[in-house]
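This report refers to the structure that appears directly beneath it.
The values are calculated or read from the model by the stated rules, or taken from the named source; none is laboratory data. Keep in mind it's a predicted model, so treat the numbers as computed, not measured. Cβ: placed from backbone, ideal geometry, glycine included. Neighbour counts: every protein chain shown. Heads up: the accessible areas ignore ligands, DNA and RNA and are worked out on the full protein's heavy atoms, side chains in. Shrake-Rupley method; radii C 1.70, N 1.55, O 1.52, S 1.80 Å.
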Amino acid sequence: MKKKQFKTESKKILDLMINSVYTNREIFLRELVSNASDAIDKLYYKSLTDRKVKLDKSDFKIKLVPNKEERTLSIIDNGIGMTEDELDNNLGIIARSGSSLFKEMNEKKEDISIIGQFGVGFYSAFMVASKIEVISKAYGEKEAFMWSSDGADGYSIEPTEKDECGTIIKLIS
């Protein structure tokens with residue numbers, strides 16, 4: 001597994017963001033739930049525009065799973081998920097937003113409301129976690145991947161197992 005570096009002055013920007021942009025530690029939860037909601041909205045939108053996608057709005061869920069013994073919190077969604085390249089591009093480049101790109105690609109269409117458009121909210125989780133693991137499987141894909149990072153030291157992406165599409169963000173303290 002090869003360690004990759006964030007594509008910015010990562011140590012400076014991550015430290016600045018964690019210590020300056022967000023003043024309330026609990027903001028991380030709102031940001032991660034917003035990301036999960038956006039992932040669900042993207043797959044729901046796909047279900048409205050692609051007849052092969054047979055999903056109903058009631059099929060979508062976001063779960064928060066705390067584990068006191070392991071000192072972890074997992075945010076789990078069954079939204080559109082991410083491929084290896086999307087994990088690299090969306091999480092490996094600070095201040096790049098996959099949601100913003102989705103909105104731009106569908107700019108001429110009405111009724112598209114996406115929350116996370118600035119690409120920094122995800123990193124607020126480093127205020128409460130010493131390590132983050134993101135396990136994701138994109139809708140329609142066979143392979144799942146795990147992105148992991150302990151912050152400014154970069155990140156790694158490796159293949160993993162996941163049955164259904166969606167994303168699990170595991171915060172480890």
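If the condition is being open to solvent by 100 Å² or more (accessible area, probe 1.4 Å) and in contact (Cβ under 8 Å) with a residue 40 or more places away in the chain, then region 53-85 contributes Glu70, Arg71.
Anything in region 16-52 that is of a type in the set (Ser, Thr, Tyr), surrounded by 14 or more Cβ atoms within 10 Å (Cβ to Cβ) and modelled with pLDDT under 90? List them, or say none. Before you say what the answer is, go through the steps one by one.
Step one: filter region 16-52 for residues of a type in the set (Ser, Thr, Tyr), giving 20, 22-23, 34, 37, 44-45, 47, 49.
Of the ones still in play, those that are also surrounded by 14 or more Cβ atoms within 10 Å (Cβ to Cβ) are 22, 34, 37, 44-45, 47.
Correct list: Tyr22 only.
Pick from region 90-112 the residues that are of a type in the set (Gly, Ala, Ser) and modelled with pLDDT of 50 or more: which of them is most open to solvent (accessible area, probe 1.4 Å)?
Going through region 90-112, the residues of a type in the set (Gly, Ala, Ser) turn out to be 92, 95, 97-100.
Still in the list and also modelled with pLDDT of 50 or more: 92, 95.
Details: Gly92: 0, Ala95: 63 Å².
Checked region 90-112; the qualifying residue most open to solvent (accessible area, probe 1.4 Å) is Ala95.
Regarding region 114-129, can at least one residue be identified that is surrounded by fewer than 20 Cβ atoms within 10 Å (Cβ to Cβ), touching a Ser or Thr at 6+ places or on another chain (Cβ under 9 Å) and at pLDDT 95 or above? Within region 114-129, not a single residue is surrounded by fewer than 20 Cβ atoms within 10 Å (Cβ to Cβ), touching a Ser or Thr at 6+ places or on another chain (Cβ under 9 Å) and at pLDDT 95 or above.
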